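Read-outs throughout are calculated quantities, based only on the coordinates presented, and are distinct from any laboratory measurement. Since the structure is predicted, the reported quantities are computational estimates derived from the model, not experimental observations. All Cβ positions, glycine included, derive from the backbone under ideal geometry; neighbour counts span all protein chains shown.
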Amino acid sequence: MLTNIKLSLMILISFIYLAILPCFGESNADVLNIERYLNSIHTLKAEIIQISSTGEVETGIIFIKKPGQMRFEYDPPSNHLVIASGLLLVIIDKKSNGEPQRYLTSQTPIGYLLNERVNLANNPALNGVSIKSDEIRIKLSDDKKPRSGQLELVFTKQPINLKEWIITSYSGEETRVLLEKIRVNEPLGKEKFNIGKEISNSKKALLLP
């Protein structure tokens, strides 16, 4: 009797293993395909729709140039400009004489997108993969830097394209960014990511009558 129970359990365990094995294989293949897709992107320009956790909606354009450079230009009536260049990310209020907010890029989860090479398959920050018939979601967060928050990337599945991301802050606030009219690997001038020049231009603009 005991032998039969053990045999039945072994058969059940084997069945479960064989049933879930293809799912893991599919997941790994999708992750590798996304990794290849992200690594094929050297520059990116897209129109964005940004939705805050309070429901506030902003539109604009995003520019990304690897490694480490990013620019958010928001449409009026928004007054701010966000630029990341190298180790530094700044938020410039174009209507204020005050100093811009400064952060280390590594303190924000968006830094995962700005690396020259993206390694997802062997990345300890990869903590979730969700696969549906038409989309793939990947979650990234660093347990050693919980205050940097979480980045969730959403891709169409066939073909693979980045369509949005969701940033969750340490306090739980979510910011959703939808991408439209994406253009990749077109030349982007370095002046778009010159933080010092943008701060200076913003202050000069305030002095104009």
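Worth pointing out:
- Helical mean residue ellipticity (222 nm; -39500 (n - 2.57) per DSSP H run of 4+; nearest 500) of the chain: -8500 deg cm²/dmol
- Helix 195-207 axis, angle to the chain major axis (alpha carbon atoms, nearest 10°): 40 degrees
- Label corresponding to Cα extents along the principal axes in Å when calculated from the structure given, among (i) 52, 36, 27; (ii) 77, 38, 26; (iii) 93, 35, 29: (iii)
- Between residue 178 and residue 190, the modelled label-to-label distance comes to 3.7 nm, taking each label 7 Å out from Cα in the direction of the beta carbon.
- Sparse-neighbour loop sites [trypsin sites (Lys or Arg not before Pro); region 132-209; at most 15 other C-beta within 10 Å; DSSP]: 132, 144, 157
- Nearest-ten-degree value, helix 2-39 long axis tilted from longest Cα axis of the chain: 30 degrees
- Whichever lysines have a C-alpha closer than 16 Å to that of residue 192, once near sequence neighbours (fewer than 8 apart) are set aside: 45, 65, 66, 94
- Given 163/203; 157/181; 95/145; 95/190; 144/197, the pairs whose alpha carbons are separated by over 28 Å: 163/203; 95/145; 144/197
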